[in-house]
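S.K.: Just dropping this structure here.
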Amino acid sequence: MPIPPTGTVTFLFTDIEGSTRLAQQFPATWPSAKARHHAIVQSAIKPHGGYVFQVIGDAFCAAFHTAPDALMAALDAQHALHTEPWGDVIIRVRMGLHTGSATARPDGDYEGYMALVRVQRIMAGASGGQVLMSQDVADLVGRDLPLSISLNDLGIHRLKGLAAPEHLFQVVAQGLPADFPPLKTADHPNNLPTQLTSFIGRDAEVAEVRRLVSGTRLLTLIGAGGIGKTRLALQAATEEVAKIPDGVWFVELAPLADPALIPNTIASAVGVREEPNRPMLAALSDHFRSKTVLLVLDNCEHLIADAAMVCDSLLRAAPRIKIIVTSREALSIAGETTYRVPSLPVPTNALPLDTLSHVASVQLFAVRAQAAKSSFALTNANALAVVQICHRLDGIPLAIELAAARIKLFTAEQIAARLDDRFRLLTGGSRTAMPRQQTLRGTIDWSFSLLTEPEQALLRRVSVFAGGWYFEAAESVCSEDGIDAIEVLDLLSRLVEKSLVAEDDVHGIARYRLLETIRQYAREKLLDSGDGARVRARHLAYFLRQAIAFSDNWPGLEQTAWFENARTDVDNFRTALDWSFENGDLLSGMRIAGDLFMLWADYFPAEGLDRLGKFLAHVDGQARLAPRASALFAAGGLQSVAGNYAEARFYLEDAVAISKATGSERLAADALGYLTWAAIGLRDYDLADTVSSEALRISREAGIVHLVGNSLEFIGDVAYVQGHLEQAQAAYEEAVTVIRPLGENMLLAKALRGLGQIARRRAEHKQAVEFIRESLTLNTESEDMRAVAECLAALAAVCAAQGHTLVATRVCGAIDAMLIALHSEMIPVDRLEHEQTVTLLRHQLPDSVYDLAWSEGHALTLEQAIALALEGSDV
């Protein structure tokens, strides 16, 4: 046996392209062809000192001491495979090479997760017959290649699930094909979730769905719950990614109870922000109008009428959009093509074992059972029982997977016998319910009965979560009343193992979710148990704490992580808000809605105002309560962001009064700050002077350093708009001194931009550009695009002041395009300044010249606009 390499190891991974299709198309000759493939690959690896540490189906995983050895083994194998007289089964193998750090384990496997994942992803990007390698391998072999071998530089590629991109090379060798399709990497934008299990038995269905998508703009996949609609849609969408230049976007609608939120949910997935006082559906229509995209709208049946309306509107507005819908019934709108997703084929008892193992339903059971229990194998002894299971479960993928998960506890024969005893169709349901829905319910009922009481209790309780949850949430919400907190992780892991709870990787952290069918089933069980109100109350309490923590950590060094968590849990926050309102816990809901201010402001301002308005209307307006102050501040802040300064003042003045009465210094200072902007927007500078000074006093007395810096910026803004430049400069400079040590780059950038504007007012253009350039860099790094537009506006003013009117006008055109795309307004001080710049340029240029320059600016990319502004303002 070769010695397993360890330390710095070069890995070679290989895989037959389309092996499932070949096995089904050529059941008689596939086994012998596969055996010849194995022999060829083995004989190529061994002479070069390769160590085969794993063979999974038709995929080889081999390790080599040196990169040249690994490369030559790959080429020897490809040459032999290419010249082999295959007959009717033509085998083509994709291969990937990567060098990384790994340690050989005593059991023959390897530790070195990232190296193994990277080589697998490299291999997955190749086509049959192609050999790909990473930059690490290319560096080791590139200088010593013989003349018959060369490397084709394929550039930088993002690999699915990996943060760092990879520079990939194709090996080109004499006697082997050199032309292949584009790499199957993640370069095209998409948010398709990573699938952690293999896709089995649907090659023909995927091909048909892709064919239908090519000829229609709306395709609805119809079928019962658990039939595999979502997985089929995801697989087809994944294979379409390379053909869709502007993105493939997956939108999960199952958590939604309010159909009015469908456009918001789509917008969140594709990154479209709400525009004040404008329906989100109109904003989406504009966003998609000139784009070639594919949307996958999953689980529409409970929102069918509204989903149909949204799809119809988008299809009419955007001529190059395509939509795949999964639902239990058709949308029934013009232009719709429907495809009924079939069950997996089920076998007859008479098939021989070799053929039986390639029938999709049996293959699915066998693969999932082996994942649950590695020693499981399909044999002549258990084949009849497996066939019975597949027949009894009607070839429904979810039902088969649930049954296969029980292989840890029972033999296949015992599972089949239990199905005879316990599995029965449910009757008397909705007349529109499909028979297989009832069959699936029976399967879930049977699976539920096999759980221990603590497992059943946890499954019931996690049904309160919408859109998934992290472990800490389950620990807090689902413990007590018979489940200790220390038990939750073990119980949750068991539910994952039994395929009742799904586990996803979100930025390296496990996040859990229920398939919607199971969630609905478990929710009914929760309500029947009499435990529903207590669990929902704990859910509300937990997400109240999360909302408070989100607010407390904004701004802060961890604000980005908290913001992403809040976005991820937005459906849970919505559920908590709905429950608080329905159950009369208005103060908790009001506090959640108020503390989510920044989430509403950046993504859902209209929804935020609507929810805040409902709570404010139902809580005594005379109540001097901290949650009311928080809600008033959020409502005022959202009105200020929208440019509705009179409404903002109304809310914010009330928020200030209640905050002072309840001793909330931070909230009072925040509300006074936004009230300063509202006052500037209303040109009420006496009010702006008073409230900004009050914000600074409160911040200093409370000792909240970042609020001191923020309040100083408000002082500077008020002084600046009134032309008191010395006072403004002193305030901004003190703000920089206070904020810079905190690492609060967004606040720091605002103060620097103010200093730049002052320098420009004094015709100190070089110093102005230095301040604004630093501010622009900080805003670009933090991806604060509204602030980037404000920096460009300051640079445009410098250009105009130096007589570069055409450049300034083009930059202003670019700013206008940015703000339209962002559906945003500048903060009042910057907006007033920018309006003066635009007015000046209009007076200095003829209308035709101005209009042309403005339209040229509209067409600039962000990078071009920044370069033009910096070049035009350079002194």
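S.K.: If we sort 529-535, 217-223, 409-415 on the protection proxy, mean other Cβ atoms within 10 Å, highest first, what's the order?
M.R.: Order by mean packing, descending: 217-223, 409-415, 529-535.
S.K.: How large is Rg over Rh for region 316-368, taking Rg from the Cα atoms and Rh as the Kirkwood inverse mean of 1/r across Cα pairs?
M.R.: 1.25
S.K.: Work out from phi, with θ = phi - 60° and the Karplus expression 6.51 cos²θ - 1.76 cosθ + 1.60, the ³J(HN,Hα) of each residue of region 702-718, listed in order in whole Hz, and give x for Gly and Pro.
M.R.: 7, x, 8, 4, 5, 6, 4, x, 5, 5, 4, 5, 4, 4, x, 4, 5
S.K.: Given region 105-172 reduced to its alpha-carbon atoms as identical point scatterers, what log10 I(q)/I(0) does the Debye formula return at q = 0.24, 0.26, 0.27, 0.28 Å⁻¹?
M.R.: Listed by q, the Debye log ratios stand at -1.08, -1.18, -1.23, -1.28.
S.K.: Which length gain, in nm to one decimal place, applies between THR690 and GLU733 when the Cα-Cα distance is subtracted from 0.36 nm times their residue separation?
M.R.: Extra length from THR690 to GLU733 when fully extended: 13.4 nm.
S.K.: If a paramagnetic tag sat 7 Å from the Cα of ARG278 along the Cα-Cβ line, which residues of region 308-325 would have the backbone N under 17 Å from that point?
M.R.: 314, 317-318
S.K.: Further question: Taking one equal scatterer on every alpha-carbon of region 211-305, how large is log10 of I(q)/I(0) by Debye at q = 0.12, 0.15, 0.19 1/Å?
M.R.: Results for region 211-305 at q = 0.12, 0.15, 0.19 Å⁻¹ read -0.42, -0.65, -1.03.
S.K.: Rounded to the nearest 10 Å², what accessible area does HIS391 have for a 1.4 Å probe in the complete protein model?
M.R.: 90
S.K.: Hey, if you drop one equal point scatterer on each alpha-carbon of region 616-676 and run the Debye formula without solvent, what base-10 log of I(q)/I(0) do you get at q = 0.29, 0.30 Å⁻¹?
M.R.: Cα-only, vacuum Debye calculation for region 616-676: -1.17, -1.22.
S.K.: State the three equivalent ellipsoid semi-axes of region 757-857, derived from the C-alpha gyration tensor as the square roots of 5 times its eigenvalues, in descending order and whole Å.
M.R.: Result for region 757-857: semi-axes of 20, 17, 11 Å.
S.K.: Could I ask something else about it? Which shape class applies to region 24-97: rounded if a/c is under 1.5, otherwise prolate when a/b exceeds b/c and oblate if not, where a ≥ b ≥ c are the square roots of the Cα gyration tensor eigenvalues?
M.R.: prolate
S.K.: About the Cα centre of the chain, what is the dipole size in debye to 20, counting +1 per Lys and Arg Cβ and -1 per Asp and Glu Cβ, all else neutral?
M.R.: 2240
S.K.: Starting from the Kirkwood radius over alpha-carbon pairs of region 486-629, derive D by Stokes-Einstein at 37 °C in a medium of 0.692 mPa s and give it in µm² s⁻¹.
M.R.: 195
S.K.: For region 726-784 and region 265-328, what is the centre-to-centre distance using only Cα atoms, to the nearest Å?
M.R.: A separation of 40 Å, based on Cα centres.
S.K.: If I take R0 = 35 Å and measure r between the Cβ atoms of TRP554 and ARG523 in this structure, what FRET efficiency does the formula 1/(1 + (r/R0)^6) give, to the nearest 0.05?
M.R.: Plugging the Cβ-Cβ distance into 1/(1 + (r/R0)^6) gives 0.60.
S.K.: Turning to a different aspect of this structure: Below 15 angstrom from the Cβ of TRP854, what's the summed charge of the other residues (Lys, Arg +1; Asp, Glu -1)?
M.R.: Once all neighbours under 15 Å are counted, the net charge is -3.
S.K.: Using only C-alpha positions, report the orientation-averaged shadow area of the convex hull of the chain, nm², one decimal.
M.R.: So the Cα hull casts an average projection of 41.7 nm².
S.K.: Moving on to the next point. Please give the FRET efficiency for GLU453 paired with ALA260, using the beta carbon to beta carbon distance and R0 = 30 Å, rounded to the nearest 0.05.
M.R.: Computed FRET efficiency for GLU453 and ALA260: 0.15.
S.K.: Ranked highest first by the average count of other Cβ atoms within 10 Å around their residues, in what order do 313-321, 94-102, 453-461 fall?
M.R.: Ranked from most to least packed, the peptides come out as 94-102, 453-461, 313-321.
S.K.: If a paramagnetic tag sat 7 Å from the Cα of VAL849 along the Cα-Cβ line, which residues of region 775-816 would have the backbone N under 16 Å from that point?
M.R.: 800-811
S.K.: Applying a 10 Å radius around every beta-carbon, put 201-207, 607-613 in order of their mean neighbour count, most first.
M.R.: So the order, starting with the most tightly packed, is 607-613, 201-207.
S.K.: At 7 Å along Cα-to-Cβ for each site, give me the label-to-label distance between ALA28 and LEU384 in nm.
M.R.: Rounded to a tenth, the inter-label distance reads 2.8 nm.
S.K.: What is the Cα centroid distance between region 493-570 and region 812-855, reported in whole angstrom?
M.R.: 45
S.K.: If you don't mind, there's one more thing I want to ask. Contour minus end-to-end for GLN767 and SER313, with contour as 0.36 nm per residue of separation and end-to-end as the Cα-Cα distance?
M.R.: Once the chain is fully extended between GLN767 and SER313, it gains 158.4 nm.
S.K.: Multiply the residue gap between ALA561 and ARG666 by 0.36 nm, knock off their C-alpha separation, and tell me the result in nm, one decimal place.
M.R.: Taking ALA561 through ARG666 to full extension adds about 35.6 nm, to one decimal.
S.K.: Please compute the modelled spin-label separation between GLN836 and ARG545, points set 7 Å along Cα→Cβ, answer in nm with one decimal.
M.R.: Placing both labels 7 Å beyond Cα along the Cβ direction yields 5.1 nm.
S.K.: I want to check the label-to-label distance for SER374 and ILE333. Put each point 7 Å from Cα in the C-beta direction and report it in nm to one decimal.
M.R.: Here the answer is 5.0 nm between the modelled labels.
S.K.: Another question, then. Report Rg/Rh for region 282-391, rounded to two decimals, where Rg is the Cα radius of gyration and Rh the Kirkwood radius.
M.R.: Computed over Cα atoms, the ratio is 1.23.
S.K.: I would also like to ask the following. Could you tell me the calculated FRET efficiency between GLU863 and LYS291, based on Cβ-Cβ distance and R0 = 25 angstrom, to the nearest 0.05?
M.R.: Working from the Cβ atoms, E equals 0.80.
S.K.: Setting aside same-chain residues fewer than 8 positions from LYS766, which lysines have a Cα under 21 Å from its Cα?
M.R.: Correct list for LYS766: LYS750.
S.K.: Let me know the Kirkwood hydrodynamic radius for region 615-766, please, with Cα pairs as the basis and the value in Å to one decimal.
M.R.: Evaluated on region 615-766, it is 15.7 Å.
The values are calculated or read from the model by the stated rules, or taken from the named source; none is laboratory data. This is a predicted model, so every value here is computed, not measured. Glycine also receives a Cβ, built like all others from the backbone with ideal geometry; neighbour counts cover every protein chain displayed. SASA here: full protein model, heavy atoms, side chains in, ligands and nucleic acids out. Shrake-Rupley method; radii C 1.70, N 1.55, O 1.52, S 1.80 Å.
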